[in-house]
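Trainee: Got a structure for you, questions after.
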Amino acid sequence: GNDAASQSLANTLTARAASFEAAGRNADSGVTLLELAESALLELNSLATRLKEVGIADTNTTNTTADTAALNSEAVFISDTIDSIVSSLTYNGVNVLGTSSRTYNVAINDAGNTQTIQPTTGIAATDINDATNSNNSMDTTIGEITRSLGAVAGSLASLKSYQTVSTTTAAHLTQAAANLQDTDYAEETAKITKQSLLKNYALAMVATANAEEIEKLKLLA
């Protein structure tokens, strides 16, 4: 029914649902940040792998001076690109990657509890000036990228689970509030029907009584 107690509880449930919906949106932002980090890390892995190949090619003693110059140039460009992505990638003004570990807290429920996510464990600057030994440097960088990808995978799995719980809980709470606020139409309809029947019966009784009185008057006349 629509009594005050039911309405009060419905209001409470609606407020909690709104909080869980907000937590779900927070989680969604966190998931987006992590997915951006994942895409960037996969690209960094491709760049680091190419730079490792350049370093190995540089060890070839049959390289000409032009070959070496070309390898050095490519190594520098790739190195600069890796360092730029690591230092400059942001999401909504928040740094996604970096040379040291980054963690962020995301609200996951109506109580304001948080889950820590880690988009990177840190990727040190490559600072490569030529192709020499870049293959060895990239072994370190690829290892850092791999560890970061692991942190992202774990963070995503955790946050997506909390997001599912938040959105599902919000839906259930909203439905529960709606159920409390809904009028029991079957019961109300029965009441209205009963009242209508009583009214019609009363009118019929009055009409019958009136008819009888008219007949009596005719006889007296």
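The values are calculated or read from the model by the stated rules, or taken from the named source; none is laboratory data. Just so we're clear, the structure is a prediction, and the values are computed from it rather than from any experiment. Glycine also receives a Cβ, built like all others from the backbone with ideal geometry; neighbour counts cover every protein chain displayed.
Trainee: Listed residues Ile145, Ile123; which is outside any helix (DSSP H, G or I) and hydrophobic (A, V, I, L, M, F, W, C)?
Mentor: Working: Ile145 fails: outside any helix (DSSP H, G or I).
When all the criteria are applied, what remains is Ile123.
Trainee: Counting just the residues of the stretch 112-123 that are of a type outside the set (Val, Ile, Thr) and without any contact (Cβ under 8 Å) to a residue 12 or more places away in the chain, which one comes out nearest to Phe20 (Cα to Cα)?
Mentor: First pass over the stretch 112-123, keeping only residues of a type outside the set (Val, Ile, Thr): 112-113, 115, 118-119, 122.
So of that shortlist, the ones also without any contact (Cβ under 8 Å) to a residue 12 or more places away in the chain come out as 112-113.
Numbers: Gly112: 9, Asn113: 11 Å.
Among residues in the stretch 112-123 that are of a type outside the set (Val, Ile, Thr) and without any contact (Cβ under 8 Å) to a residue 12 or more places away in the chain, the one nearest to Phe20 (Cα to Cα) is Gly112.
Trainee: Still on this structure, please answer the following. Based on what the data block shows, is Gly30 closer than 16 Å to Ala153 by Cβ and small (Gly, Ala, Ser)? Outline the logic, then answer.
Mentor: On the way: closer than 16 Å to Ala153 by Cβ: yes; small (Gly, Ala, Ser): yes.
Considered against the rule, which asks whether it is closer than 16 Å to Ala153 by Cβ and small (Gly, Ala, Ser), Gly30 comes out as yes.
Trainee: Something else: Looking at Leu36, Leu13, which is the one that is assigned to a helix (DSSP H, G or I), at pLDDT 95 or above and either touching a Gly at 6+ places or on another chain (Cβ under 7 Å) or among the aliphatic types (A, V, I, L, M) (or both)? Explain how you work it out, then say what you get.
Mentor: Working: Leu13 fails: at pLDDT 95 or above.
Within the list Leu36, Leu13, the selection yields Leu36.
Trainee: I need a count of the residues in the stretch 61-82 that are under 21 Å from Leu36 (Cα atoms), in contact (Cβ under 8 Å) with a residue 40 or more places away in the chain and not hydrophobic (A, V, I, L, M, F, W, C).
Mentor: 1
Trainee: Does the stretch 157-171 include one or more residues that are surrounded by fewer than 12 Cβ atoms within 10 Å (Cβ to Cβ), within 30 Å of Ile82 (Cβ to Cβ) and of a type in the set (A, V, I, L, M)?
Mentor: Step one: filter the stretch 157-171 for residues surrounded by fewer than 12 Cβ atoms within 10 Å (Cβ to Cβ), giving 157.
Pick out the ones that are also within 30 Å of Ile82 (Cβ to Cβ) and you get 157.
Filter once more, keeping what is of a type in the set (A, V, I, L, M): 157.
There is at least one residue in the stretch 157-171 that is surrounded by fewer than 12 Cβ atoms within 10 Å (Cβ to Cβ), within 30 Å of Ile82 (Cβ to Cβ) and of a type in the set (A, V, I, L, M).
Trainee: Further, regarding this structure: With exposed (fewer than 14 other Cβ atoms within 10 Å of the Cβ) and more than 24 Å from the chain's Cα centre (by Cα) as the only criterion, which of Thr68, Thr62, Thr99 stands out? Steps first, answer last, please.
Mentor: Values: Thr68 fails: exposed (fewer than 14 other Cβ atoms within 10 Å of the Cβ); Thr99 fails: exposed (fewer than 14 other Cβ atoms within 10 Å of the Cβ).
Testing whether each residue is exposed (fewer than 14 other Cβ atoms within 10 Å of the Cβ) and more than 24 Å from the chain's Cα centre (by Cα) leaves just Thr62.
Trainee: I'm trying to understand the selection: among the residues of the stretch 16-32, which are over 12 Å from Thr168 (Cα atoms) and within 8 Å of the chain's Cα centre (by Cα)?
Mentor: The answer is Arg25, Asn26, Ala27, Asp28, Ser29, Gly30, Val31, Thr32.
Trainee: If you go through the stretch 36-50 one residue at a time, do you hit one that is within 15 Å of the chain's Cα centre (by Cα) and closer than 30 Å to Arg147 by Cα? Write out each step before concluding.
Mentor: At the first step, the residues of the stretch 36-50 found to be within 15 Å of the chain's Cα centre (by Cα) are 36.
Add one more test, that the residue is closer than 30 Å to Arg147 by Cα, and what stays is 36.
For the stretch 36-50, residues within 15 Å of the chain's Cα centre (by Cα) and closer than 30 Å to Arg147 by Cα: present.
Trainee: Considering only the stretch 80-98, I want to know if a residue exists there that is in contact with a Phe, Trp or Tyr (Cβ under 9 Å, 6 or more places away or on another chain), among the hydrophobic types (A, V, I, L, M, F, W, C) and over 30 Å from Asn136 (Cα atoms).
Mentor: Start the filter on the stretch 80-98 by keeping residues that are in contact with a Phe, Trp or Tyr (Cβ under 9 Å, 6 or more places away or on another chain), which leaves 94.
Now restrict to residues that are among the hydrophobic types (A, V, I, L, M, F, W, C): 94.
Add one more test, that the residue is over 30 Å from Asn136 (Cα atoms), and what stays is 94.
Yes: the stretch 80-98 contains one or more residues that are in contact with a Phe, Trp or Tyr (Cβ under 9 Å, 6 or more places away or on another chain), among the hydrophobic types (A, V, I, L, M, F, W, C) and over 30 Å from Asn136 (Cα atoms).
Trainee: Further question: Among the hydrophobic types (A, V, I, L, M, F, W, C), in a helix (DSSP H, G or I) and in contact (Cβ under 8 Å) with a residue 12 or more places away in the chain: does that describe Ile85? Let's see the steps before the verdict.
Mentor: Working: among the hydrophobic types (A, V, I, L, M, F, W, C): yes; in a helix (DSSP H, G or I): yes; in contact (Cβ under 8 Å) with a residue 12 or more places away in the chain: yes.
Yes: the conditions hold for Ile85.
Trainee: Among the numbered criteria (1) assigned to a strand (DSSP E or B); (2) exposed (fewer than 13 other Cβ atoms within 10 Å of the Cβ), which single criterion is violated by Tyr104?
Mentor: (2)
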